[in-house]
1. Among helices (runs of 4 or more DSSP H) lying entirely in the range 147-247, which contain 3 or more residues that are more than 16 Å from the ligand (Cβ to nearest atom) and closer than 23 Å to C3 by Cβ?
2. Would you say A115 is part of a helix (DSSP H, G or I), within 13 Å of the ligand (Cβ to nearest atom) and small (G, A, S)?
3. For residues that are within 12 Å of the ligand (Cβ to nearest atom) and either exposed (fewer than 13 other Cβ atoms within 10 Å of the Cβ) or in contact (Cβ under 8 Å) with a residue 40 or more places away in the chain (or both), tally how many sit in the range 78-87.
4. Any chance you could count how many residues in the range 212-242 are more than 14 Å from L136 (Cα to Cα), in contact with a strand residue (DSSP E or B) (Cβ under 7 Å, 6 or more places away or on another chain) and not β-branched (V, I, T)?
5. Please go through the range 61-77 and give me each residue that is surrounded by 13 or more Cβ atoms within 10 Å (Cβ to Cβ) and in contact with a helix residue (DSSP H, G or I) (Cβ under 8 Å, 6 or more places away or on another chain), ordered by number.
6. Only one residue in A14, A37 is at pLDDT 95 or above, under 30 Å from M170 (Cβ atoms) and over 14 Å from the mean Cα position of the chain (by Cα), so which one is that?
7. Report, by residue number, each residue of the range 67-105 that is closer than 16 Å to G41 by Cα and assigned to a loop (DSSP other than H, G, I, E, B).
8. For the range 8-45, which residues satisfy the criterion of being farther than 26 Å from L74 by Cα, outside any helix (DSSP H, G or I) and aliphatic (A, V, I, L, M)?
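The values are calculated or read from the model by the stated rules, or taken from the named source; none is laboratory data. In this text the structure is predicted, and so the values were computed from the model without any measurement. Quick reminder, even Gly has a Cβ in these numbers, built from the backbone with ideal geometry, and neighbours come from all protein chains shown.
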Amino acid sequence: MECDVVFTAKEVTAALVLEKNVVVIDVLRATSTMLTALFNGCTAIIPVKEPEEGKKLLEKELLTRGEARENYVLGGERGGVLIPGYDLGNSPLEYTYSAIGQKKLIFCTTNGTLAISKAAQAKNLYLGALLNAGALAATLKKKGDPIIFACAGTRGHYTLEDVLAAGLIMHELKNQTENVALSDKALTSLVLYRYYENDLAKVVNFSKHAKVLTALGFTKDVAYCSQKNLFDLVPAYKQGEIRLGEM
Ligand code: MLT
């Protein structure tokens, strides 16, 4: 299976993802948060790029579907913190069963949901994090190649934790099949993961975004998102919504 990696959302284009199996990765924190929301009973996630888009979409959903407001959660961040008028921020620890269970989430983040929208034309589009690497590898093995790991990065810059997760998923894939061919960027990601495999929390803490989150008071989020294979879940994007996909 041919694997390649792009290091920022900026590099993701419709032409790049066409006919490919794509995994969008934003370890800190968008994909880790969406995984947690789905694990805790969220029925579907609608990713949006801009905060106002999320608010308008909520109004439209309430009007057209005649749904009650309490069946929806508006979640996400700008600058790492709660968006004014939104219900929840982007801390995975906020997305408990009582906050999100049996509800639909309209979700907006700076880099993570941007990467998803840019990859929307992929053949299959999945969400990845350190938290679900093993389950993802099993799904990717079934789907075949080519595979693109689309690291969200931060505002057009490389982020260590996303590349680390791409490396972990490829490590898991190589444990499951010998038929894996890595591009130079993919090999670099795998080597990074293998160098730090026994100390993921330490290396995630080296990253610039971990330091920003720590300064904002989200130390527990960084530790939480650094865990390996906490969930046996594979969220998949289809027709504008993210749900738990086939395993
Ligand atoms: C993003 O999508 O840019 C991140 O998840 C930002 C954050 O950590 O809140």
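1. Where helices (runs of 4 or more DSSP H) fall fully within the range 147-247 and carry at least 3 residues being more than 16 Å from the ligand (Cβ to nearest atom) and closer than 23 Å to C3 by Cβ, they are 160-176, 184-196.
2. Spelling it out, A115 is indeed part of a helix (DSSP H, G or I), within 13 Å of the ligand (Cβ to nearest atom) and small (G, A, S).
3. Number satisfying all stated conditions: 3.
4. Step one: of the range 212-242, the residues more than 14 Å from L136 (Cα to Cα) are 212-227, 238-242.
From what's left, in contact with a strand residue (DSSP E or B) (Cβ under 7 Å, 6 or more places away or on another chain): 216, 240-242.
When the remaining residues are screened for being not β-branched (V, I, T), the result is 216, 240-241.
Number satisfying all stated conditions: 3.
5. Taking the range 61-77 first, the residues surrounded by 13 or more Cβ atoms within 10 Å (Cβ to Cβ) are 61-62, 67, 71-77.
Correct list: L62, E67, Y72, V73, L74, G75, G76.
6. A14
7. Y95, T96, G101, Q102, K103
8. L18
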